[in-house]
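The values are calculated or read from the model by the stated rules, or taken from the named source; none is laboratory data. No experiment lies behind these values; they were computed from the predicted model shown. For neighbour counting, all protein chains shown are included, and Cβ atoms are generated from backbone atoms with ideal geometry for every residue, glycine included. Each accessible area value is taken on the protein alone, full model and side chains, heavy atoms only, with ligands, DNA and RNA left out. Shrake-Rupley method; radii C 1.70, N 1.55, O 1.52, S 1.80 Å.
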Amino acid sequence: MKSSNYESKYPDETGRIPYSAEENAVWRDLLDRQLGLLEGRACTPWINALGEMNFPKDRVPQLKDVSQVLREHTGWSVAPVPALIGFTEFFGLLANRQFPVATFIRRREDFDYLQEPDIFHEVFGHTPPLTDARYAAFVEAYGQAGLAADPKDHAMLARLFWFTAEFGLVNTDKGIRAYGAGLMSSPGELRHAVDSDLPLRKPFDPVEALRTPYRIDIYQPIYYVIDSFDDLFDLANADLLGYIAEARRLGMHEPLFEPKAAAG
Ligand SMILES: [Fe+2]
């Protein structure tokens, strides 16, 4: 696995994480750019949830403030972690209603694209819908399923998260809208997912999502579309391990992308 060029920051004894003026300015500019793209692309529940979060405009939010808002709504909180954590730790945190957050913010030179998740992706992208009880129930149930699953099925479960929490789309009476964090934190892919004729958009089906390969370093060639967050709540109460067994029985779909070139 490629190692990170960034190191996560940790809270001091008062619970605050220190950010420099330049890091705060990067947050301000990322937020500014993304807010200008949400109308007509982000779904209404997500935009309303963003309002609930009330993120500061001119500095990186503090995790204790993010946690306070989440706790009031759904009992969730955020937990600082190193840039990359393993599946077991990831599932365990989610099952405990803690969303893991890498606390560093990208440097200016990585402003447009960063493969690894930074705090802009984690907090701006992921935390708003965790104020919604239906979405939150799904992510908690997902973590529980991960803890119960055979480790050989972890990669398969990762695909379910990918096609919902990261790159999920939703039908609305005004057209397709986004709710996934990977879309909310990427101006290019948000436009690609919602505005472009290039990608396939299929009705969400959990077994289909589990069977669909993805690459993390390209715009997705396929997205799955739910009808509302109610679908995620239904998923929270469904037999996720049964879906995995069914997906294994049916086998993987052929990728809709070229295989990644071997590193030279
Ligand atoms: Fe993410």
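Taking only the range 76-89 into account, find how many residues are in contact (Cβ under 8 Å) with a residue 40 or more places away in the chain and either surrounded by 19 or more Cβ atoms within 10 Å (Cβ to Cβ) or touching a helix residue (DSSP H, G or I) at 6+ places or on another chain (Cβ under 8 Å) (or both).
Matching residues across the range 76-89 total 6.
Please verify whether the range 98-109 includes one or more residues that are surrounded by 18 or more Cβ atoms within 10 Å (Cβ to Cβ) and more than 15 Å from the ligand (Cβ to nearest atom).
no
If Lys152 satisfies all but one of (1) open to solvent by 20 Å² or more (accessible area, probe 1.4 Å); (2) under 21 Å from Gly40 (Cβ atoms); (3) assigned to a helix (DSSP H, G or I), what's the number of the condition it fails?
It fails just one condition, (2).
Could you grab me the full set of residues in the range 86-97 that are more than 12 Å from the ligand (Cβ to nearest atom) and either hydrophobic (A, V, I, L, M, F, W, C) or in contact with a Ser or Thr (Cβ under 6 Å, 6 or more places away or on another chain) (or both)?
Phe87, Phe91, Leu93, Ala95, listed by residue number.
Can you name every residue in the range 175-217 that is away from the ligand (no atom under 16 Å from the Cβ), assigned to a loop (DSSP other than H, G, I, E, B) and touching a residue at least 24 places away in the same chain (Cβ under 8 Å)?
Pro199, Phe204, Arg211, Thr212, Pro213
Could you list, ordered by first residue, the pairs with Cβ atoms under 6 Å in which the first is in the range 3-24 and open to solvent by 50 Å² or more (accessible area, probe 1.4 Å) and the second is of a type in the set (S, T, N, Q) and part of a loop (DSSP other than H, G, I, E, B), at least 6 apart or interchain?
Lys9/Thr103; Arg16/Gln62
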